[in-house]
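Report on the structure given below.
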Amino acid sequence: MCQSLGVKGGQHHIETFDLTASEEVEQAYARIKSSGWQVDVLVHNAGITHRSMALETSLDVDRKIMAVNYFGPLQLTKLVAPDMIRRGRGSIVAVASVLGLIATPHRSAYIAAK
């Protein structure tokens, strides 16, 4: 579950969607735009992990980790960034993990996504 929070003149807007469902991500951003809101700051902070040996981890688990940690944020960036570029302002922040730099056992999909 991912939430988008917008603040405008002391007001805010929260949009909830499943980051693993491409259609939900697109629909959520479409709702934000059609409501007159804009994204000034996009913070990628969603993340899940799993502990197991790479050969013992099911592909479904690997796919879910990649969907939440990589493909979901990538899709959201591709939706939001063009509007930021057109407006000439906006920031995208990616919260990283030290495991993206240092590999540890039992976290293959998480490390690959980071």
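The values are calculated or read from the model by the stated rules, or taken from the named source; none is laboratory data. What you are looking at is a predicted structure, and each value in this text was computed from that prediction instead of being measured. Don't worry about glycine lacking a Cβ; one is built from the backbone with ideal geometry, like all the others, and counts go over all protein chains shown. What goes into the accessible areas is simple: the full protein's heavy atoms, side chains included, and nothing from ligands, DNA or RNA. Shrake-Rupley method; radii C 1.70, N 1.55, O 1.52, S 1.80 Å.
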Evaluate the range 30-53: report whether one residue or more is at pLDDT below 85 and open to solvent by 40 Å² or more (accessible area, probe 1.4 Å).
no
Within the range 62-105, take every residue that is charged (D, E, K, R) and either surrounded by 16 or more Cβ atoms within 10 Å (Cβ to Cβ) or within 24 Å of ALA21 (Cβ to Cβ) (or both) and give me the one that is nearest to the chain's Cα centre (by Cα).
LYS78
Would you check if ILE14 is at pLDDT below 95 and either surrounded by 14 or more Cβ atoms within 10 Å (Cβ to Cβ) or among the hydroxyl-bearing types (Ser, Thr, Tyr) (or both)?
no
